[in-house]
Amino acid sequence: MKKLILFALCVVALGACDNGEKKSMLTRNMQNDSLQQIINARDNEINDILATLNDVQTGLNEITAAEEHISLGQIGENGNRDSQLKENIAFIAERMKQNRELIDRLRTQLKESGFKGDQLQKTIDGLVAQLDKKETELKRLRTELAQKNVHIEELDRTITARNQTISSQRREIEDKSQTINERNQTISAQKQEIDTKQQTISNQAQQLNTAWYVFGTKRELKDHNILKSGKVLQNGFDPSYFTKIDIRVDKVINLHSKSAKLLTTHPSSSYTLNKDTNGQYVLRITNPEMFWSTSKYLVVQVK
């Protein structure tokens, strides 16, 4: 009986210990959940702050890009229109306004979160400083644009006048070019006509100054029908047997024979027929115009 009672007391004691541990574990779990909720809330606050910072930085980048399109050179010399410049300046002003609102919201978020971050505060101060600097630059651009408006109008008028002058000069050049082309065509036609005439004259001169000669034995001359029944150059003679010469150049004919007789008629005063050192005859034409005036064919019989 005593043993039974002792066993029962042990069971009760063990049950009491087990309930105590369960309660302690439950308490710890509740504490962990509360802590996790706090951490999650803080993470959300930090994420919101970082998202706002990113929006501010994006706005600053867009402002910088817009500023690059309205530099002094573009305003004055490249001739961008007033409306484009004003749109860019209005865009910069609007983005700067939005950035300042974002920074105000960022400060409110930081204050409400109770987050203590010196580096974050320095970042915010740096963004404010950038906005202030760009605000000064925006005022300068507005002043500059107002001053450049008159210059742009004058520049437009000057450009328009120059374009009109260039257009007029271009038309004048085109007219002159057309005239020159027509003249060149006329000159080309005249040159072609002159070349044709010169070629005709050259051909005529070549014909006038062309002659043919032949020398051979009596038998050779007969074989080619050059000498027929004691007569020279009757119908049917062989012209291919003759040698073609230019009477202005060819004035000496070596006959390679110790016997030579002219069968065609040529003025005796226009040539000489003498032997060379080898005793062979050489015909020298001293007056070509006279010599060839009676006939353009020369036939000499040799042995």
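Before moving on, here are some points about what is shown:
- Residue match in segment 106-121 (condition: more than 21 Å from Ala65 (Cα to Cα) and at pLDDT 80 or above): yes
- Listed by first and then second residue, the pairs with beta-carbon distance under 6 Å, at least 6 apart or on different chains, first residue in segment 206-217 and under 14 Å from Ile247 (Cα atoms), second among the aromatic types (Phe, Trp, Tyr) and at pLDDT 90 or above, are Ala211/Trp292; Trp212/Phe242; Trp212/Tyr297.
- So His224, is it under 13 Å from Val299 (Cα atoms), touching an Asp or Glu at 6+ places or on another chain (Cβ under 6 Å) and open to solvent by less than 70 Å² (accessible area, probe 1.4 Å): yes
- For segment 204-212, the criterion of being modelled with pLDDT of 95 or more, farther than 17 Å from Asn287 by Cβ, touching a Phe, Trp or Tyr at 6+ places or on another chain (Cβ under 7 Å) and outside any helix (DSSP H, G or I) is met by at least one residue.
- Residue satisfying all of: in segment 234-258; touching a strand residue (DSSP E or B) at 6+ places or on another chain (Cβ under 6 Å) and either more than 21 Å from Ser293 (Cβ to Cβ) or assigned to a loop (DSSP other than H, G, I, E, B) (or both); modelled with the lowest pLDDT among these: Gln234
- Enumeration of residues in segment 264-303 that are among the hydroxyl-bearing types (Ser, Thr, Tyr) and either open to solvent by less than 30 Å² (accessible area, probe 1.4 Å) or in a loop (DSSP other than H, G, I, E, B) (or both): Thr264, Thr265, Ser270, Thr277, Thr286, Ser293, Thr294, Ser295
- No other residue among Asn61, Asn78, Asn19 is outside any helix (DSSP H, G or I), open to solvent by 80 Å² or more (accessible area, probe 1.4 Å) and either at pLDDT below 70 or not hydroxyl-bearing (Ser, Thr, Tyr) (or both) apart from Asn78.
The values are calculated or read from the model by the stated rules, or taken from the named source; none is laboratory data. Please read all numbers here as calculations on a predicted model, not as lab measurements. Cβ coordinates were reconstructed from backbone atoms using ideal geometry, including for glycine residues, and neighbour counts include every protein chain displayed. Keep in mind that these areas ignore ligands, DNA and RNA; they rest on the heavy atoms of the full protein, side chains included. Shrake-Rupley method; radii C 1.70, N 1.55, O 1.52, S 1.80 Å.
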